[in-house]
Amino acid sequence: MKMKMLMAALALTAVASGYAGAAEKTAQQQKMTVCNQQAGEKSLKGDERKTFMSSCLKKDSGMGKMTPQQMKMKTCNTQAGDKALKGDERKTFMSNCLKKS
């Protein structure tokens with residue numbers, strides 16, 4: 001009986017830790033997301049997009065040292081700036097952007 005309880009506890013722990021790890025993106029995954037968003041905003045296609053993505057991913061913009069939340073804040077802030085949002089409109093946009101996964 002104790003062995004079954006121990007195995008069940010270990011299984012639950014493994015499942016819980018797997019979900020926690022899956023929720024957070026690695027720095028490289030986050031950087032890929034940011035570069036991909038920037039390429040999309042610039043409407044880049046084909047070789048132009050490939051070149052941009054390669055350059056963007058090689059850049060040491062300090063993003064590797066940022067937490068996923070800091071990277072998300074930087075991305076949302078850049079998007080708000082690109083849209084020239086001000087005041088309440090910017091606050092609403094930032095709030096909605098930061099809530100997205």
Can S43 be described as open to solvent by less than 60 Å² (accessible area, probe 1.4 Å) and either at pLDDT 85 or above or in a helix (DSSP H, G or I) (or both)? no
Residue in segment 12-25 that is part of a helix (DSSP H, G or I) and at pLDDT 60 or above present: no
- Does segment 28-37 contain at least one residue that is basic (K, R), modelled with pLDDT of 85 or more and part of a helix (DSSP H, G or I)? no
Quick count over segment 79-97, residues being surrounded by 15 or more Cβ atoms within 10 Å (Cβ to Cβ) and either aromatic (F, W, Y) or under 23 Å from P68 (Cα atoms) (or both), is 6
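The values are calculated or read from the model by the stated rules, or taken from the named source; none is laboratory data. In this text, all values refer to a predicted model and were calculated from it rather than measured experimentally. Please note: Cβ atoms are built from the backbone with ideal geometry, for glycine as well, and neighbour counts cover all protein chains shown. These area figures cover heavy atoms from the full protein model, side chains too; ligands, DNA and RNA do not enter into them. Shrake-Rupley method; radii C 1.70, N 1.55, O 1.52, S 1.80 Å.
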